[in-house]
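Here the structure is laid out as structure tokens; the discussion comes afterwards.
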């Protein structure tokens with residue numbers, strides 16, 4: 001066993017704590033089970049079969065009164081979160097530790113309180129919920145590594161012009177045969193490939209720490225929202241047209257497979273650095289990939305920012321970027337972003353630097369930014385703070401420099417410090433939620449709804465992350481009417497708001513009066529050849545920090561189809577904010593209709609009346625009513641009253657009765673056409689096809705008798 005486990009940084013331990021840590025380390029190392037590396041199936045015996053059994057590890061609150069003690073706790077324990085109370089006496093860390101450590105802490109007078117609920121979570125068995133067919137045991141909202149890869153690969157297959165599913169490297173297991181199944185590191189590249197670049201880039205990564213369940217799923221949900229929103233959501237459309245989004249959903253897939261068994265595995269699975277412990281608690285093999293990056297590796301100005309002990313949860317590896325996962329990530333990020341910062345620690349990235357990186361972690365409800373390796377601010381601190389405060393507006397999280405006192409604790413070798421330090425990329429860490437294995441209800445109701453908008457905002461600001469977040473947001477963008485004939489004048493409105501930032505950082509962002517607003521057609525204002533058009537303050541004067549803006553848009557000559565308008569706003573300091581889009585649909589006729597689904601299949605006996613259900617939408621620009629017809633007429637089961645009036649884009653469900661004639665040959669498949677015809681225009685109509693496979697009539701006792709009122713549901717809707 002590595003003697004460094006006794007206490008990394010021992011020579012820096014305050015005199016009053018020296019004996020305390022020696023006692024803790026002696027007891028812990030003397031009693032902690034040490035096993036040889038075993039395959040995955042050997043892990044479950046570590047779990048208590050009954051939570052009432054005395055566990056050998058617990059989760060506890062360990063109180064600290066100053067940063068020095070905090071640093072020592074971070075170096076000695078698996079610290080899950082840091083909680084700062086109203087007074088120093090109320091500060092504590094939530095950490096996983098052995099019962100021996102608990103007793104040793106209490107012996108030397110360190111307040112330590114076991115958290116029974118979190119301790120019980122350590123010993124929960126991986127059991128699938130009733131009816132669960134996918135996801136992680138007990139957590140159907142979190143897809144497995146394989147399910148995540150399959151889903152994102154399917155996006156690329158379905159939308160090859162928008163998505164590419166590429167391999168950027170391999171995991172430790174993959175590159176070291178004989179240690180279990182390995183995995184590719186896969187990135188989903190999202191952009192409209194039919195529109196040439198160069199384009200600004202946003203890099204999003206998740207699950208660098210295996211046990212942090214929410215991170216991979218949030219990254220996958222964001223990818224799906226972008227791709228599925230193209231052509232339907234205006235911001236998804238312009239972002240994919242004029243931005244590249246690169247998503248690495250699972251940075252540590254080997255470790256993730258351990259965590260899928262509800263083990264609190266954090267690191268990768270490197271077994272070659274001197275630790276053979278296979279315990280899923282406290283001391284086990286692997287490298288902390290978020291302490292392994294090449295920038296300031298092992299050079300933190302604080303204490304215990306990473307560990308040299310191979311069994312520790314913050315083990316930084318044998319050298320800078322020693323791990324294949326780290327090498328793959330750093331190589332790929334270098335291919336995306338040029339070096340935009342000078343060689344000295346205090347060299348800032350220029351204000352117009354491009355590119356944005358977010359690493360998703362859990363937990364603590366924090367938005368963190370560099371530096372982590374030292375407490376003093378980075379040269380772009382204020383700009384990083386400003387964008388961080390915009391993120392905090394959406395998710396409500398506290399925003400802080402990770403290495404600053406009172407934020408969390410100092411770190412080195414992290415991904416965000418590397419991206420900013422090496423390349424000048426605006427880089428952040430989101431600490432999602434309040435648990436590693438967050439409940440699905442919390443994920444679906446809180447984490448995803450509050451953090452997806454923050455990711456959208458990140459993508460929108462990736463071109464100029466040090467500039468545009470200082471500008472006003474353009475929200476509530478709307479056009480009236482939204483569906484028009486070409487040449488119709490429309491009113492474009494928006495709310496220019498320079499106050500949308502959190503106060504959770506303790507920093508009050510300056511809010512300026514609005515000075516201007518503009519719109520562009522089809523593309524953002526920075527694209528060569530795109531013309532901007534001014535907008536006016538609705539109240540006649542630009543003098544408030546929040547202003548309603550408006551203009552009239554001339555659509556003369558616009559072709560039939562969907563058109564995109566983008567609105568930007570400026571404050572009196574000269575800062576332009578990021579654009580927000582809205583669609584305008586130009587139609588060929590003021591009248592139109594649509595029936596959905598377009599085709600429905602049934603199996604129905606002859607001489608039977610059944611009902612098919614369709615959704616009718618008025619796709620015109622005026623209110624209208626519609627007549628429903630069935631063809632051939634012999635299949636009509638009765639005359640229907642007109643449907644409507646329906647407002648433009650209004651929809652209703654229509655139940656259409658159909659009679660299968662008794663003379664229809666058994667076994668035949670007949671097609672019936674349902675038509676919705678406008679009462680205002682003979683050319684405005686929609687159709688749906690009902691395909692009926694005719695069965696022999698039966699009265700239910702096995703004899704062939706008429707069954708006039710038999711009702712059957714469709715077999716297939718599409």
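Just so it is clear, none of the values below were taken in a lab; they were calculated from the coordinates. Everything numeric in this text was worked out from a predicted model, so none of it was measured. Virtual Cβ from ideal backbone geometry, glycine too; neighbours counted across all protein chains shown.
Arranged by the count of other C-beta atoms within 10 angstrom, fewest first, what order do 315, 610, 203 take?
Lowest count first: 610, 203, 315.
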| message | Can you give me the angle between helix 15-31 and the longest principal axis of the chain, using Cα atoms only, in degrees from 0 to 90, rounded to the nearest 10? | response | 70 degrees
| Which of the following values of P(r) over Cα pairs in 10 Å bins from 0, in percent was calculated from the structure shown: [x] 2, 9, 15, 14, 11, 9, 8, 7, 6, 5, 4, 3, 3, 2, 1, 0, 0; [y] 3, 13, 20, 20, 16, 12, 9, 5, 2, 0, 0; [z] 3, 10, 11, 10, 9, 12, 17, 15, 9, 4, 1, 0, 0? | [y]
| remark: Helix 324-336 sits off the longest principal axis of the Cα atoms of the chain, rounded to the nearest 10 on a 0 to 90 degree scale, by 60 degrees
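Over the chain, what is the relative contact order in percent, taking alpha-carbon pairs closer than 8 angstrom and at least six residues apart? Present the calculation step by step, with values, prior to reporting the outcome.
Working: 1772 pairs, mean separation 67.4, N = 718.
In percent, rounded to a whole number, it is 9.
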| Between residue 128 and residue 543, what length in nm is gained on full extension when 0.36 nm per residue of separation is reduced by their alpha carbon distance? | 143.6 nm
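Please compute one quarter of the surface area of the Cα convex hull for region 145-460 and express it in square nanometres. All intermediate terms of the calculation are to be shown ahead of the outcome.
Working: hull surface 60.0 nm².
Dividing the Cα hull surface by four gives the mean projection, 15.0 nm².
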| remark: To the nearest 0.05, the calculated FRET efficiency linking residue 318 and residue 475 through their beta-carbon distance, R0 being 56 Å, is 0.70
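Which of 361, 183 comes first, and how do the rest follow, when ranked by fewest Cβ neighbours within 10 Å? Don't skip to the end; give the middle numbers.
On the way: 361 25, 183 21.
Listing 361, 183 from fewest to most nearby Cβ atoms yields 183, 361.
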| remark: With label points set 7 Å from each Cα along the Cα-to-Cβ direction at residue 583 and residue 560, the distance between them in nm comes to 1.7 nm
| task | Could you tell me whether region 228-363 comes out rounded, prolate or oblate from its Cα gyration tensor? Rule is a ≥ b ≥ c as square roots of the eigenvalues, rounded for a/c under 1.5, then prolate if a/b exceeds b/c, otherwise oblate. | result | oblate
| task | Determine which residues of region 533-566 fall in the zone a paramagnetic label at residue 572 would reach in this model, i.e. backbone nitrogen under 13 Å from the point 7 Å along Cα→Cβ. | result | 542-546
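Can you give the FRET efficiency to the nearest 0.05 for residue 649 and residue 159, using r as the Cβ-Cβ distance and R₀ = 22 Å? Kindly include the intermediate steps, with their values, before the conclusion.
Working: r = 25 Å, r/R0 = 1.15.
Computed FRET efficiency for residue 649 and residue 159 comes out at 0.30.
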| task | Fewest Cβ neighbours within 10 Å first, please rank 371, 456 accordingly. | result | 456, 371
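Evaluate E = 1/(1 + (r/R0)^6) for residue 691 and residue 150, where r is the Cβ-Cβ distance and R0 equals 25 Å; express this FRET efficiency to the nearest 0.05.
Values: r = 32 Å, r/R0 = 1.27.
That pair, residue 691 with residue 150, gives E of 0.20.
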| query | Does anyone have the angle between helix 213-229 and the longest principal axis of the chain? Alpha-carbon axes, 0 to 90°, nearest 10? | reply | 30 degrees
| remark: From DSSP H assignment alone, runs of 4+ in the chain each adding -39500 (n - 2.57), the sum over residues rounded to the nearest 500 puts [θ] at 222 nm at -6000 deg cm²/dmol
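Looking only at the chain, where both bridge partners belong to it, what percent of the DSSP beta bridges are antiparallel (to the nearest 5)?
Values: 97 of 127 bridges.
Taking every DSSP beta bridge within the chain, about 75 percent pair in antiparallel fashion.
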| said: Let me make sure I get this right: for region 141-208, a, b and c are the square roots of the gyration tensor eigenvalues over alpha carbons, sorted descending. Under 1.5 in a/c it's rounded, otherwise prolate if a/b > b/c, else oblate. Which is it? | reply: prolate
